[in-house]
Amino acid sequence: MKILGPQKSAGYDLRRGIFRGWGLGLIFLVVLIFYPFVADPTLVAAAANAGIFIMMALGLNIVVGFAGLLDLGYAAFFAIGAYAYAMVDSGAIAIHGHTITLSFWPMIIGGAIVAAFFGAVLGAPTLRLRGDYLAIVTLGFGEIVPLVFRNTAALGSVNGFTGLDVPSPITLPFLGVIQFSVINPVPFYYLIVILGTLVVLGVVFLRDSRIGRAWVAMREDEIAAACSGINLVRTKLLAYAMGASLSGIAGVYYAAKLTTVTPDQFDFTVSIYILVMVVLGGMGSIPGVMLGAALIYYINSYFLVQLNGWVHGVPLLAHSLLGSVDFTEIRNLLYGVILVAMMILRPEGLIPSGRRKRELHGEGIALESLSLVGEVAAEVDVGAGVTVDADSEAAVGGVAESDLAAGTDGRE
């Protein structure tokens, strides 16, 4: 079997891949810009908080949606970013008697770098693990990090860090001095909109880059990807590091907005919360993940919280069995019912990626997967001088032919 290069792929156009849907994205951005002018400050603050989870969901989508890996400890990187800012802001780090302090702005990059480092640390021992074993290791990492913060005096122990500084004022053309305050959510809202826009653009370019296509090829079939010259070790570590870096940025923003960081804010439920956002929105789909994150945050933080008042406000319901139910106590149960219903009715997610939709609806994608692997292999050959030999070529061909003969499209 001859591996096709990018010029012979199934209609792939890099420009179309990057700019597809830019019109809708621009309209959505304009809506976000004018949202604070028409919305209540409480809703603006909620939107700013939702932006945190959207950013984390985009980061986890790199790991789960693009690379096909599993991470049940993603909240650990959120905690690492938040604690990194808390420590340098409060002066908890001292080297040779000199206290190291940094403001919020350089720590946006600093938090991303620290979280990316620990993402690679997590990825290194999991390179040979799959399935349940990978889930157990990532779950353990997610549980260890909050315990370390909780039991280390230098890291604030149980009480964490309080009284952190909000971002320092900045001066912008035509807008003057922008002051940040815990009682005014508007500056934080625009800050998360700017950060989120940059993150979305970065993730889009990553998805359509050579490393992004290597992630997808690895997700479809690791053996075929390895035979095609893809370095699985580097590709996996980059996926973990890039996903963790976005969570680190979200953690820095979260700590500066809340001005308080404690270990209890980063437990296991946060990791599951983010994972559900990715699965519900559509794994591998950037707009789907964003919609899923916003919807789950709204349901969990606003709709179910307000449900008590709505039910008690209707006399017929208030005097029924529902009137005696405290929906805030069974919030997780209702949350789970909604998710189960969505997974039954639309398992590919709210806005699925094209490949994911074809997988779940039984359409053959083996040839498309081979074309994708061929693209990455050709780029690896050109960029790194790697040669795909006859044995590797035969191995890839054997995978495709067996998949097509069995009618499984490479899926079990």
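Readers should treat all values here as calculations from the given coordinates under stated rules, not as data from a laboratory. From a predicted model like this one, the values you see are computed outputs, not experimental measurements. Don't worry about glycine lacking a Cβ; one is built from the backbone with ideal geometry, like all the others, and counts go over all protein chains shown.
Over the stretch 186-333, the reciprocal of the mean inverse Cα-Cα separation, the Kirkwood hydrodynamic radius, stands at 18.6 Å. Give the shape of the stretch 38-106 as rounded, prolate or oblate, defined through the alpha-carbon gyration tensor: a ≥ b ≥ c are the square roots of its eigenvalues, a/c under 1.5 means rounded, and otherwise the shape is prolate if a/b is larger than b/c and oblate if not. It is oblate, given that a/c is not under 1.5 and a/b is not larger than b/c.
Short to long, the 10 Å bins of the Cα pair-distance histogram for the stretch 129-212 hold 13, 20, 27, 30, 9, 1 percent of all pairs. Annotation: peptides 265-275, 40-50, 71-81, 145-155, ranked by per-residue average of other Cβ atoms within 10 Å with the highest first, follow the order 71-81, 265-275, 40-50, 145-155. Per-residue Karplus couplings for the stretch 321-329, computed as 6.51 cos²θ - 1.76 cosθ + 1.60 with θ equal to phi - 60°, are listed in order as 4, 5, x, 8, 9, 8, 5, 5, 7 Hz, Gly and Pro entered as x. The string of couplings for the stretch 146-153 from the Karplus curve (6.51, -1.76, 1.60, θ = phi - 60°) is x, 5, 4, 5, 6, 10, 10, 5 Hz, one whole number per residue in order, with x for Gly and Pro.
Here the stretch 284-340 and the stretch 141-189 have alpha carbon centers that stand 29 Å from each other. Between the amide H of ILE93 and those of ILE100, distances stay under 5 Å, these residues lying 5 or more places away or on another chain, with hydrogens modeled in the peptide plane. Residues whose amide H comes within less than 5 Å of that of ILE170, counting only those at least five positions distant or on another chain, are ILE178 (H built at 1.01 Å from N in the peptide plane).
By per-residue mean of other Cβ atoms within 10 Å, what is the highest-first order of 203-213, 300-310? Kindly include the intermediate steps, with their values, before the conclusion.
On the way: 203-213: 18.5, 300-310: 14.9.
Listed from highest to lowest mean packing, they are 203-213, 300-310.
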